[in-house]
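Let me begin by presenting the structure, written as structure tokens, before commenting on it.
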Amino acid sequence: MSKIRTVITALIVAMLFVSAIAGTAIYYNTTLNNSNSKIASLESQISNQNKEIANLTNQIAVQPDLSKPHVITDLGVTELETDWGPSWRLFIQGSAYNMGNSTAYNAGLKVEAYSGTGVLEINMTVPFVSGYNYGTDSSITSVNSTWSSSTWKFN
């Protein structure tokens with residue numbers, strides 16, 4: 001009887017030992033799979049962040065160099081018929097902003113106007129100076145009797 005008891009005790013100890021080893025192996029595999037899943041998730045996040053960095057870097061590359069003058073405009077144009085003959089006027093109104101960090105010299109609004117047949121009628125640059133009237137002469141250039149040709153500054 002004592003031999004049977006020893007064999008049963010040995011079998012119980014062996015089963016407990018095998019169970020402990022099997023439990024440890026299952027726990028290790030579960031922990032390893034969870035860690036691998038976390039690693040894959042983090043690698044995916046890193047990949048997404050790298051794509052976002054590349055996207056933002058490309059956006060930075062197309063931004064203007066604001067250490068230089070950078071003029072932004074918000075303009076409206078109205079075509080007005082005059083009271084004297086078959087001539088028209090363009091009334092340009094709005095705002096211009098220098099978004100750069102330095103002065104824009106000789107900045108102006110480039111005005112080109114074409115007839116219905118595609119003929120260039122107006123080709124001139126109007127300086128950013130308030131309160132002046134500008135017109136065109138027969139050679140399609142800027143004409144203004146009150147504006148001097150000195151350098152204008154736009155801060």
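The values are calculated or read from the model by the stated rules, or taken from the named source; none is laboratory data. All of these numbers come straight from a predicted model, not from anything done at the bench.
Mind checking which residues of segment 78-129 are outside any strand (DSSP E or B) and under 29 Å from LYS68 (Cα atoms)? Lay out the reasoning, then the answer.
We begin by selecting, within segment 78-129, every residue outside any strand (DSSP E or B); these are 82-87, 99-103, 106-107, 115-119, 128-129.
Answer for segment 78-129, where residues must be outside any strand (DSSP E or B) and under 29 Å from LYS68 (Cα atoms): MET99, GLY100, ASN101, SER102, THR103, ASN106, ALA107, PHE128, VAL129.
SER150 fails exactly one of the following numbered conditions: (1) assigned to a loop (DSSP other than H, G, I, E, B); (2) of a type in the set (S, T, N, Q); (3) modelled with pLDDT of 80 or more. What is the number of that condition?
Going through (1) assigned to a loop (DSSP other than H, G, I, E, B); (2) of a type in the set (S, T, N, Q); (3) modelled with pLDDT of 80 or more one by one, SER150 breaks only (3).
For ALA10, are the conditions met, namely being in a helix (DSSP H, G or I), within 21 Å of the chain's Cα centre (by Cα) and at pLDDT 85 or above? Steps first, please.
Working: in a helix (DSSP H, G or I): yes; within 21 Å of the chain's Cα centre (by Cα): no; at pLDDT 85 or above: yes.
Judged against the criteria, ALA10 is not a match.
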